[in-house]
Amino acid sequence: MSPLFPLILLHITVAAAQLRPGHYSKTCPEAEFVVRDVMEKALIREPRSLASVMRFQFHDCFVNGCDASLLLDDTPTMLGEKLALANINSLRSYEVVDEVKEALEKVCPGIVSCADIIIMASKDAVALTGGPDWEVKLGRLDSLSASQEASDNVMPSPRANASFLIDLFGKFNLSVKDLVALSGSHSIGQARCFSIMFRLYNQSGTGRPDPVFDPKFRGKLNKLCPLNVDQNVTGDLDATPVVFDNQYFKDLVAGRGFLNSDQTLFTFPETRAFVQLFSRDQHEFFKAFVEGMIKMGDLQVEQQGEVRRNCRVVNSGLPVTPRTCPSV
């Protein structure tokens, strides 16, 4: 991780005072219904896409705040975030956000930001797969640029351990409980063999598998991800990969975590109690997850912004609206 990392995080502030539920109640009252409709269609077409869209909130908000910088395509003068280490060959389903934006532009052009679309769509992805629903705060603006370097400097590796993750989340004013609950986003979706080859065959440079693996689960993964595998082959993140529930935590307790960054939450003393709690009590997990998503959605950076008409590109030649944030 770059030594610039601490400097980047110093500019992140919590901008909750600027955001509010019902932000579009007068300017685009149908906004949340339009987003939900597109997400329902995406679920029918490809259930995995909802997990992919939900991840956008994490990968966007942790990099210079929730400003849809993640969605910008590269230009001749800007390397965006889509090809950053944590995103390339990993994040997908950008077209779902494109569909949401297109539908909103037909109803209320130039009103709803792409940053708010990410927040609404992430919430819907959870709710439509069996998880909790909640009221989202809206009113974000879209960034005028993106930075691959900023993403590389911030986003954690699937090899990360709990100690590193606690420190990282703490820099965003997210607690240990928030970390564990938000990691439960891996209740749905899949990840690549690329992310676990070291766990299966060379954990910590030992030339051996991670000893905390449940033996039967490790055998299953060995078949899915042999040494000569195409490392873009994907495996389920938990035993119920299209249902948002607390099975993810039950799997961690049983030694069946897919990613190192997941399993470490059970092996590390400071996070283990929350894993155990959420494995026993789905209601407590849902409650903590919603609290964490709302807190993460409040992350902002003081910078100029706009409401993009196309989430992949800035509005060339159009005036931008200054964005200011209160200090933490």
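Below, the figures for the structure above:
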{"quantity": "Checklist (1) farther than 19 Å from L71 by Cα; (2) open to solvent by 10 Å² or more (accessible area, probe 1.4 Å) applied to A162, failing item", "calculated": "(2)"}
{"quantity": "When residues of the range 173-211 are limited to those that are over 26 Å from the mean Cα position of the chain (by Cα) and part of a loop (DSSP other than H, G, I, E, B), the one surrounded by the most Cβ atoms within 10 Å (Cβ to Cβ)", "calculated": "P209"}
{"quantity": "C108 vs. criteria touching a Cys at 6+ places or on another chain (Cβ under 6 Å), more than 28 Å from F286 (Cα to Cα) and surrounded by 15 or more Cβ atoms within 10 Å (Cβ to Cβ)", "calculated": "yes"}
{"quantity": "Scan of the range 123-146 for residues that are in a loop (DSSP other than H, G, I, E, B) and either of a type in the set (D, E, K, R) or in contact with a strand residue (DSSP E or B) (Cβ under 8 Å, 6 or more places away or on another chain) (or both), ordered by number", "calculated": "D133, E135, K137, G139, R140, L141, S143, L144, S145, A146"}
{"quantity": "Pair list, Cβ under 7 Å, 6 or more apart: the range 144-171 residue within 14 Å of C61 (Cα to Cα), other residue among the aromatic types (F, W, Y)", "calculated": "N153/F5; V154/F5; V154/F62; M155/F62; P156/F164"}
{"quantity": "Restricting the range 140-181 to residues that are within 30 Å of P76 (Cα to Cα) and among the hydroxyl-bearing types (S, T, Y), the residue that is modelled with the lowest pLDDT", "calculated": "S157"}
{"quantity": "Top-ranked residue in the range 43-52 [being outside any loop (DSSP other than H, G, I, E, B) and within 18 Å of the chain's Cα centre (by Cα); ranked as surrounded by the most Cβ atoms within 10 Å (Cβ to Cβ)]", "calculated": "L50"}
{"quantity": "Test: residue in the range 81-100 that is open to solvent by 40 Å² or more (accessible area, probe 1.4 Å), touching a residue at least 24 places away in the same chain (Cβ under 8 Å), outside any strand (DSSP E or B) and closer than 18 Å to L128 by Cβ", "calculated": "yes"}
{"quantity": "Long-range neighbours under 7 Å by Cβ, at least six apart or interchain, first residue outside the structural domain of M197 (by the TED database) and within 14 Å of V253 (Cα to Cα) within the range 207-220, second assigned to a loop (DSSP other than H, G, I, E, B) and open to solvent by 40 Å² or more (accessible area, probe 1.4 Å)", "calculated": "none"}
{"quantity": "Cβ pairs under 6 Å, 6+ apart, first in the range 19-31 and open to solvent by less than 30 Å² (accessible area, probe 1.4 Å), second of a type in the set (V, I, T) and in a loop (DSSP other than H, G, I, E, B)", "calculated": "C28/I111; C28/V112; A31/V112"}
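The values are calculated or read from the model by the stated rules, or taken from the named source; none is laboratory data. Treat the numbers as computed from the prediction; the structure is a model and nothing was measured. Cβ: placed from backbone, ideal geometry, glycine included. Neighbour counts: every protein chain shown. In case anyone asks, the SASA skips ligands and DNA or RNA and just uses the protein heavy atoms, side chains included. Shrake-Rupley method; radii C 1.70, N 1.55, O 1.52, S 1.80 Å.
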